[in-house]
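Here the structure is laid out as C-alpha cells; the discussion comes afterwards.
The values are calculated or read from the model by the stated rules, or taken from the named source; none is laboratory data. These numbers come from a predicted model, not from an experiment. All Cβ positions, glycine included, derive from the backbone under ideal geometry; neighbour counts span all protein chains shown.
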2 protein chains.
Amino acid sequence: MLRADYSDQNCSIARTLELVGERWTIMILREVFLGVHRFEEMQRNLGIARNVLGARLERLVESGILKRVPYQERPPRSEYRLTAKGVDLWPVLVALLKWGDRHAAPAGPPVVLEHSGCGGALDDRRRCERCGEDVEPWDVVARPGPGVARPRATVQVSA
Amino acid sequence: MLRADYSDQNCSIARTLELVGERWTIMILREVFLGVHRFEEMQRNLGIARNVLGARLERLVESGILKRVPYQERPPRSEYRLTAKGVDLWPVLVALLKWGDRHAAPAGPPVVLEHSGCGGALDDRRRCERCGEDVEPWDVVARPGPGVARPRATVQVSA
C-alpha cells in the first residue's frame, strides 16, 4: 500500500514513466531536442542542481535513450545525443507542449513548432496545418512564440 | 540552484508537468480514461496509499482536469469525471503508451487500443491503421494485448 513506484503495473504508460517520469527528465530531453547537448549548457538553461542533472543523464544513458559522444580528447569530454529510442519520445514532448499551449499558456505559446521549409504550424497529431504532411522531428523548427519572455534563437530541432 | 520545480521555465512542457507530472497522476488519469471513476476502485487498481491518491485527485480537481460528480445522496458520494481540459490529455497518454509498447514491452503490448466499430489499431498519431480516420478518445476500445498478465475486460474508453 505504500509502494513508491509503478513496478507491479503491467502497463506501457507506467513503464514509460519509470524511465522518463522523474522530475526534470522530460525537461532535459527538451533541451537535447532543442540542440543543447552539453552538461554545462543544460545546467545553465535548467538551473537545476548539478548532482540531479548528472543522475538524470546517467539514467537516460543507462536506459538507452541518450548516448555519450566524445567531442574533445584532451581533456576527454562527451556530449549527449538522442538514440533512436530517444527520438521516439518526440510524440510525448509534442503532446505535453500542445496541451500546455492550450491550457497553461495565458500569454500564448512561448515556443511555436513549424514545419521546416513549409512554415506551417504543427497540429496535435504532428501534422503540418499548411501542407497536411506528417512531420518528423528532423523537419521541425522551434521559433519563439507570442508568449515568450526570454527569447531563444530559432533553432532547428536536433535529434 | 536547488529549485524543486519548473516554475521559472516559461515553457508549455514545464507547465503541463507542473499539473500532471507528479508521480501517480498520469496513472490516475489512465484509470479515469478506462472508466474507473471512484476512489475505492482506483485505490484497489493502483495499490497506492489513500492519502497520496486523495491528494492527487484534489489537485486534479483544483486544476480543472477532473470534476466531482455526485452519484449518491445518503451518504453523499461523488465520483471523478474528466473535464474537457482533462480529455485533452488523451494525446499525452497515447504517446506514453505507444512509446512503452515499442520500447518497454518485451512480451508485447499489455493493452491494445482499437478504433471502435472498425477494429483497426491506433498508430502513434492516433489515426486508425485500417481506415485512416483520426480517432478521438470516445472512438476507442481498450483490449487486453499479447503482453497482458492480469487481463482486464475490454472497455470502451470513457471520457
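Look at B:Leu17 and say whether it is closer than 19 Å to A:Ala104 by Cα and more than 9 Å from chain A (Cβ to nearest Cβ). So B:Leu17 fails the test. Would it be correct to say that A:Trp24 is aromatic (Phe, Trp, Tyr), in the same structural domain as A:Pro146 (by TED's automatic domain parsing), surrounded by 16 or more Cβ atoms within 10 Å (Cβ to Cβ) and without any contact (Cβ under 8 Å) to a residue 40 or more places away in the chain? It is false that A:Trp24 is aromatic (Phe, Trp, Tyr), in the same structural domain as A:Pro146 (by TED's automatic domain parsing), surrounded by 16 or more Cβ atoms within 10 Å (Cβ to Cβ) and without any contact (Cβ under 8 Å) to a residue 40 or more places away in the chain.
If you take the residues of segment A:112-149 that are in a strand (DSSP E or B) and in contact (Cβ under 8 Å) with a residue 40 or more places away in the chain, which of them is surrounded by the most Cβ atoms within 10 Å (Cβ to Cβ)?
Of everything passing the filter in segment A:112-149, A:Leu113 is surrounded by the most Cβ atoms within 10 Å (Cβ to Cβ).
Residue pairs whose Cβ atoms lie under 6 Å apart, sitting 6 or more positions apart in sequence or on different chains, and linking a residue in segment A:97-110 that is assigned by TED's automatic domain parsing to the domain that holds A:Leu29 and closer than 19 Å to A:Phe33 by Cβ to a partner that is surrounded by 23 or more Cβ atoms within 10 Å (Cβ to Cβ) and of a type outside the set (A, V, I, L, M, F, W, C), do not occur here. Quick one: would you say A:Leu17 is under 26 Å from B:Leu53 (Cβ atoms), in contact with a Lys or Arg (Cβ under 9 Å, 6 or more places away or on another chain), without any contact (Cβ under 8 Å) to a residue 60 or more places away in the chain and not β-branched (Val, Ile, Thr)? Considered against the rule, which asks whether it is under 26 Å from B:Leu53 (Cβ atoms), in contact with a Lys or Arg (Cβ under 9 Å, 6 or more places away or on another chain), without any contact (Cβ under 8 Å) to a residue 60 or more places away in the chain and not β-branched (Val, Ile, Thr), A:Leu17 comes out as yes.
So how many residues does segment A:27-47 have that are of a type in the set (Gly, Ala, Ser) and either crowded, with 22+ Cβ neighbours inside 10 Å or more than 11 Å from chain B (Cβ to nearest Cβ) (or both)?
Number of matching residues: 1.
Could you tell me how many of the residues in segment A:29-52 are within 21 Å of A:Ala95 (Cα to Cα) and among the acidic types (Asp, Glu)? Here the count works out to 1. Within segment B:49-57, none of the residues are outside the structural domain of B:Asp124 (by TED's automatic domain parsing) and touching a residue at least 40 places away in the same chain (Cβ under 8 Å). Scanning segment A:48-66 for residues that are part of a helix (DSSP H, G or I), surrounded by fewer than 15 Cβ atoms within 10 Å (Cβ to Cβ) and either charged (D, E, K, R) or touching a helix residue (DSSP H, G or I) at 6+ places or on another chain (Cβ under 8 Å) (or both) yields a total of 4.
Could you identify the single residue in B:Arg130, B:Arg143, B:Arg81, B:Arg74 that is basic (Lys, Arg), more than 10 Å from chain A (Cβ to nearest Cβ) and within 21 Å of B:Thr25 (Cβ to Cβ)? Steps first, answer last, please.
Values: B:Arg130 fails: within 21 Å of B:Thr25 (Cβ to Cβ); B:Arg143 fails: within 21 Å of B:Thr25 (Cβ to Cβ); B:Arg74 fails: within 21 Å of B:Thr25 (Cβ to Cβ).
The conditions single out B:Arg81.
Can you confirm whether segment A:88-106 contains a residue that is over 22 Å from B:Lys98 (Cα atoms), more than 9 Å from every other protein chain (Cβ to nearest Cβ) and not in a helix (DSSP H, G or I)? Scanning segment A:88-106 turns up at least one residue that is over 22 Å from B:Lys98 (Cα atoms), more than 9 Å from every other protein chain (Cβ to nearest Cβ) and not in a helix (DSSP H, G or I). Could you tell me which residue of segment B:7-28 is nearest to the chain's Cα centre (by Cα), considering only residues that are more than 30 Å from B:Gln43 (Cβ to Cβ) and at pLDDT 90 or above? The qualifying residue nearest to the chain's Cα centre (by Cα) is B:Ser12. Just to be sure before I move on: is B:Arg81 assigned to a helix (DSSP H, G or I), under 16 Å from the mean Cα position of the chain (by Cα) and surrounded by 13 or more Cβ atoms within 10 Å (Cβ to Cβ) in the structure I sent? So B:Arg81 does not fit the description; no. For segment A:49-78, the set of residues classified as among the charged types (D, E, K, R) and over 15 Å from the mean Cα position of the chain (by Cα) consists of A:Arg50, A:Glu58, A:Arg59, A:Glu62, A:Arg68, A:Glu73, A:Arg74, A:Arg77, listed by residue number. Check B:Gly100 against each of (1) within 20 Å of A:Glu136 (Cβ to Cβ); (2) at pLDDT 95 or above and name the one condition it does not meet. Among (1) within 20 Å of A:Glu136 (Cβ to Cβ); (2) at pLDDT 95 or above, B:Gly100 violates only (1). If the condition is being part of a helix (DSSP H, G or I) and within 19 Å of B:Val112 (Cα to Cα), then segment B:19-47 contributes B:Ile26, B:Met27, B:Ile28, B:Leu29, B:Arg30, B:Glu31, B:Val32, B:Phe33, B:Asn45.
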